[in-house]
Amino acid sequence: MSDDKTPLGTIRISPKVIAAIAHQAVLKSYGVVGLAPKNLVSGIASALAKEPAEGIAVRHDEEGIEIDLYIIVEYGTRITAVANSAANLVRYHVEKSVGLPVKAVNVHVRGLRVSNGEQAQKKTSRKRGKRAAKQAKAQAEEA
């Protein structure tokens, strides 16, 4: 992918290395709860092979590196803010680690996930609603 000539030889950086750096960076971004496969085939392949860069595609040309992120966002967060934050964080970490310019970071939001705290809160409010309905029914029967 990238060739740097030194007096001792050549340094080549694989797209998989850049994808691994982007993977670590995007998971640190606020509001991102995970990565989604690019498509069904890559989803099955990454599940079988435990690919660390699932949900990330890297392309390189003379102008720089182009990265596609396929993310899952936490429900209740502002999607555009999460996408911008993820793109900026990935751009910063890749440029810092590799030393090559990042031409573009494209963010594809593939889904929303409700966090456990919100699910527990919904279950609690449902239980309270059922409990209140039972108490109202019992009071109606007494009267």
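Derivation of every value follows stated rules applied to the coordinates shown; laboratory data play no part. Predicted model only: the values in this text are computed from it and were never measured. For neighbour counting, all protein chains shown are included, and Cβ atoms are generated from backbone atoms with ideal geometry for every residue, glycine included.
Look at the dipole of segment 2-114 built from charges on Cβ: of His93, Asn106, Val82, the Cα furthest out on the positive end belongs to Val82.
Over the alpha-carbon set of segment 2-114, divide Rg by the Kirkwood Rh and report the Rg/Rh ratio to two decimals.
With Rh from the inverse mean 1/r over Cα pairs, Rg/Rh is 1.01.
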